[in-house]
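The values are calculated or read from the model by the stated rules, or taken from the named source; none is laboratory data. Keep in mind it's a predicted model, so treat the numbers as computed, not measured. Cβ sites come from the backbone with ideal geometry, for glycine too, and all protein chains shown count toward neighbours.
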Amino acid sequence: MDGNFFHDVYEVVRLIPFGRVTSYGAISRYLGAKNKARMVGWAMNSAHSLSDIPAHRVVNQQGILSGKDHFDPDSSMQSRLEAEGIIIQNNKIRHFKKVFWDPSSELL
DNA sequence: TGGCTGACTTTCG
DNA sequence: ACGAAAGCCAGCC
């Protein structure tokens with residue numbers, strides 16, 4: 001268990017620009033493992049301890065804040081996203097397509 | 001060591 | 001458009 005996968009996930013999440021979001025599947029696909037989408041979320045679970053990891057910028061493919069419940073009660077995922085200019089409605093990101101950031105396309 | 005879990009995604013009904 | 005089920009793999013008892 002080298003944790004290389006986790007490290008890669010952390011780096012990608014750290015590279016997410018301000019006011020942008022991405023999906024677990026996009027990250028896993030960027031890493032070359034689209035079937036490991038759940039592992040990305042798992043990596044986040046370990047990453048939530050690190051303040052350097054903007055896990056709030058990572059949502060599911062639908063743009064829903066799936067992991068908002070896993071966030072600290074003091075700093076909710078939605079509040080952080082709204083602080084970045086992202087509009088959230090019904091636990092879902094508005095204009096998700098606009099704020100979506102695909103590492104495979106943008107980062108290249 | 002073995003088996004359950006999960007912050008997902010895709011597909012069929 | 002909505003709901004339910006399968007697939008996938010690494011970490012954690």
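Residues satisfying the criterion are absent from the range A:40-54 (criterion: among the aliphatic types (A, V, I, L, M), more than 7 Å from DNA strand B (Cβ to nearest atom) and within 17 Å of A:PHE100 (Cβ to Cβ)). When A:ALA43 is tested against the conditions (1) assigned to a helix (DSSP H, G or I); (2) away from DNA strand C (no atom under 14 Å from the Cβ); (3) under 11 Å from the mean Cα position of the chain (by Cα), the lone failure is (2).
Checked against (1) surrounded by 13 or more Cβ atoms within 10 Å (Cβ to Cβ); (2) outside any loop (DSSP other than H, G, I, E, B), A:ARG38 meets all criteria but (1).
On the given criteria, is A:SER23 of a type outside the set (D, E, K, R), at pLDDT below 95 and either surrounded by 13 or more Cβ atoms within 10 Å (Cβ to Cβ) or under 13 Å from the mean Cα position of the chain (by Cα) (or both)?
Numbers: of a type outside the set (D, E, K, R): yes; at pLDDT below 95: no; either surrounded by 13 or more Cβ atoms within 10 Å (Cβ to Cβ) or under 13 Å from the mean Cα position of the chain (by Cα) (or both): yes.
When the stated conditions are applied, A:SER23 does not pass them.
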